[in-house]
Amino acid sequence: MPKSFWSEPLVYQGGSDTFLDPMEPIQIAEEAWGIDFEAEVAVIVDDVPMGVPEEEAGQHIQLLMIVNDVSIRNLIPGELAKGFGFYQSKPSSAFSPVAVTPDALGEAWSDGKLHLPLRVTLNDKLIGEPNAGVDMTFNFPRLIAHVAKSRALCSETIIGSGTVSNVDRSSGSCCLAEVRMLEIIADGKPKTEFMKFGDCVSIEMFDSKGDSIFGEIEQQVQPYRN
């Protein structure tokens, strides 16, 4: 891991023209491409001026939601090898049916982070429920300041947290790539496969009373047909 990983956010600019609704299928042309989910928290901002300082960036957060930032893992290495970033390997994302204000989250929203578990199941099997606030390398004000360094952000810009992950592995994972890498570290090879056609992923976050905050993202993987 490069040292800059801990001091400088790594961000990619995704498309916003074909968002999926929270129950819409994930349609992919080839199962062999390595279909993966990435469960994240995201914020929606109002107009953010270019060069906004980190200490002022948080006031621009208007809403929070959760997201499935779908990844095509086997296409990523070839794209990154060109030195230019993601495109084919990052298809449309799906967002939760509900977005809420920071105030509605109460004590769970602090230090620019959402301190609640994000639960992910695949075919009704729990993959993980790590806490979205624990071990978040950069909080949302820091991320906003980073992406606004050289440009203003228009109202309704969405900024994702990156895949939720905890150092304490007992809480599980929020993507299959992490599951597979932990298997490689432990056993020398992965045993968990990426998603197949027909698989169904569910992503949801609950408050301290057990109530769903954002509603559920539930998507089935399907083969793309012209």
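The values are calculated or read from the model by the stated rules, or taken from the named source; none is laboratory data. Just so it is clear, the model here is predicted, and its values are computed rather than measured. Backbone-built Cβ (ideal geometry, glycine too); neighbour counts: all protein chains shown. All accessible areas refer to the heavy atoms of the entire protein, side chains included, with ligands and DNA or RNA removed. Shrake-Rupley method; radii C 1.70, N 1.55, O 1.52, S 1.80 Å.
Brief remarks follow.
- Residue pairs meeting the criteria (Cβ under 8 Å; at least 6 apart or on separate chains; first touching a residue at least 24 places away in the same chain (Cβ under 8 Å) and of a type outside the set (D, E, K, R), in region 60-73; second in a helix (DSSP H, G or I) and open to solvent by less than 10 Å² (accessible area, probe 1.4 Å)): HIS60/ILE144; ILE61/PHE140; ILE61/ILE144
Rundown of residues vs (1) among the charged types (D, E, K, R); (2) free of Cβ contacts under 8 Å to residues at least 40 places away in the same chain, yes/no style:
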position	(1), (2)
ALA186	no, yes
GLU216	yes, no
GLN220	no, no
PRO223	no, no
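- Subset of region 146-172 that is open to solvent by less than 40 Å² (accessible area, probe 1.4 Å) and hydroxyl-bearing (Ser, Thr, Tyr) - its residue that is nearest to GLN13 (Cα to Cα): THR157
- Of the residues contained in region 21-37, none is found to be modelled with pLDDT of 95 or more, polar (S, T, N, Q), within 24 Å of PHE140 (Cβ to Cβ) and not in a helix (DSSP H, G or I).
- Among residues of region 190-222 being in contact with a helix residue (DSSP H, G or I) (Cβ under 7 Å, 6 or more places away or on another chain) and open to solvent by 60 Å² or more (accessible area, probe 1.4 Å), the one that is farthest from ALA94 (Cα to Cα) is LYS191.
- Residue selected from region 127-173 under the condition over 23 Å from PHE95 (Cβ atoms) and among the basic types (Lys, Arg), by the criterion farthest from the chain's Cα centre (by Cα): LYS149
- Among residues of region 76-106, those that are touching a Ser or Thr at 6+ places or on another chain (Cβ under 8 Å) and either without any contact (Cβ under 8 Å) to a residue 24 or more places away in the chain or more than 15 Å from GLN27 (Cβ to Cβ) (or both), counted: 3
- Residue count for region 24-59, restricted to those that are out of contact with any Cys (no Cβ under 7 Å at 6 or more places or on another chain) and under 24 Å from VAL179 (Cα atoms): 14
- Of all residues in region 31-40, those that are touching a helix residue (DSSP H, G or I) at 6+ places or on another chain (Cβ under 9 Å), within 21 Å of SER93 (Cβ to Cβ) and open to solvent by 50 Å² or more (accessible area, probe 1.4 Å) total 1.
- Qualifying residue in region 100-109 (condition: of a type in the set (Phe, Trp, Tyr) and in contact with a Pro (Cβ under 9 Å, 6 or more places away or on another chain)): yes
- When region 1-33 is filtered for residues that are in contact with a strand residue (DSSP E or B) (Cβ under 6 Å, 6 or more places away or on another chain) and either basic (Lys, Arg) or more than 18 Å from ILE203 (Cα to Cα) (or both), the ones remaining, listed by number, are ILE28, TRP33.
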